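Below is one structure, written out as structure tokens; comments come after it.
The values are calculated or read from the model by the stated rules, or taken from the named source; none is laboratory data. Predicted model, so just to flag it, every value in this text is computed and none were measured. When we count neighbours, we look across all protein chains shown, and the Cβ atoms used for this are built from the backbone with ideal geometry, even at glycine.
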Amino acid sequence: MARTFTGALRRRTLLASAPLLAAPAALRAQERFPSRPIEVVTHAGVGGGTDITARMMMVQAPAEFGQELVVVNRVGGSGAAALAYAASKPRDGHTLILVTQTHLLTIMRGRAQGIAYDDIVGVARATEDPQVLMVGKASPHKTAQAFLAAAKEQKLKFGTTQVGGVDHLAVFGFARQAGIQQPTIVPFRGGGDIAINLVSGNIDAALLNPSEPEAQIRAGDVIPLLTLHEERIATLPNVPTAKEVGFTSVHATVRGFAVLKGVPEDRLAILEEKLVKSMSSPLYRNYLDSTGQARSSVAGRTVWQAQLDAFNAEGREALAALGVAR
């Protein structure tokens, strides 16, 4: 009789405690994400290209996420300040960082304290801004074929921004892929200065994004010869791609959303879905077309992470070949 009573008491105790044991799992299942505004960290100042990309995505994003998104500008150190800020936040999916190749180069060169490349988790690509081979109107090379033939015979001068930066690496890769001599690099502060020096004839060529010398192209002072992308772009429909003239060369200024490693997988999936939907609106598509960016810019995690991985590998090799690795 005592054994029967004890057994019944034990069963009643276990049944009574069951809801308490199940409660944490149930609460986790019911937890809403996002549960507060999402911060979007950029390394650009207000009005910069990366800042504008973030804000264009955010036009539709609040409706998709059911939460506000807030841009956080952290300028400095070629992305180091933005990475440090993101690293200071909980890795719970409420902090996105809009990364470019510049962030990866900063990591490669050991200038992002405490952050390794493996900490970067791609979520969705936002823009792919193709680089275009351009010359000044006084150039004797009026077609891509003529330019490439000359560049195989002589060492030409290319304008870029920072030595060892994204543009420099693009010129290095383009020269190898096209089978031309590695150019002499002439650094400038930005694309505007490069365009001016193309017009004046101080340099032979440059790889620029279409929006940088837009006024000079319209005036006929700068001539686009070759698009370094898989497809022609809307603002330069008559400019052939590298593949059309006989070789493969794809170089672009790329921006995309990422988080730092540690965000739960279910939240990564939500972020990817909502970001891609936010950038599929007609307004965002018009932004891509009007700024000369690839129509295929928006992509999900698989494509974006593969592109980040490829640039990380190619960038390290190029920096070493150029003798500017840390």
task = Test Ala195 against the stated conditions and say whether it is part of a helix (DSSP H, G or I) and surrounded by 15 or more Cβ atoms within 10 Å (Cβ to Cβ).
result = yes
task = Restrict the check to region 162-174 and report whether at least one residue is in contact with a helix residue (DSSP H, G or I) (Cβ under 8 Å, 6 or more places away or on another chain) and of a type in the set (Val, Ile, Thr).
result = yes
request  = Collect the residues in region 30-42 that are at pLDDT 95 or above and in a loop (DSSP other than H, G, I, E, B), keeping them in residue-number order.
outcome  = Phe33, Pro34, Ser35, Arg36, Pro37
note = Only one of Val59, Val99, Val71 is more than 22 Å from Gln305 (Cα to Cα), in the same structural domain as Ala299 (by TED's automatic domain parsing), at pLDDT 95 or above and in a strand (DSSP E or B), namely Val71
inquiry  = So, Ser249, is that one of a type in the set (S, T, N, Q) and under 12 Å from Leu133 (Cα atoms) or not?
reply    = yes
request  = Filter region 137-190 down to residues that are assigned to a loop (DSSP other than H, G, I, E, B) and within 24 Å of the chain's Cα centre (by Cα) and give me whichever is surrounded by the most Cβ atoms within 10 Å (Cβ to Cβ).
outcome  = Gly164
request  = Inspect all residues belonging to region 116-136 and state whether any of them is in a loop (DSSP other than H, G, I, E, B) and over 25 Å from Val303 (Cβ atoms).
outcome  = no
task = Restricting attention to helices (runs of 4 or more DSSP H) lying wholly within region 225-326, give those where 3 or more residues are modelled with pLDDT under 95.
result = 282-290, 301-322
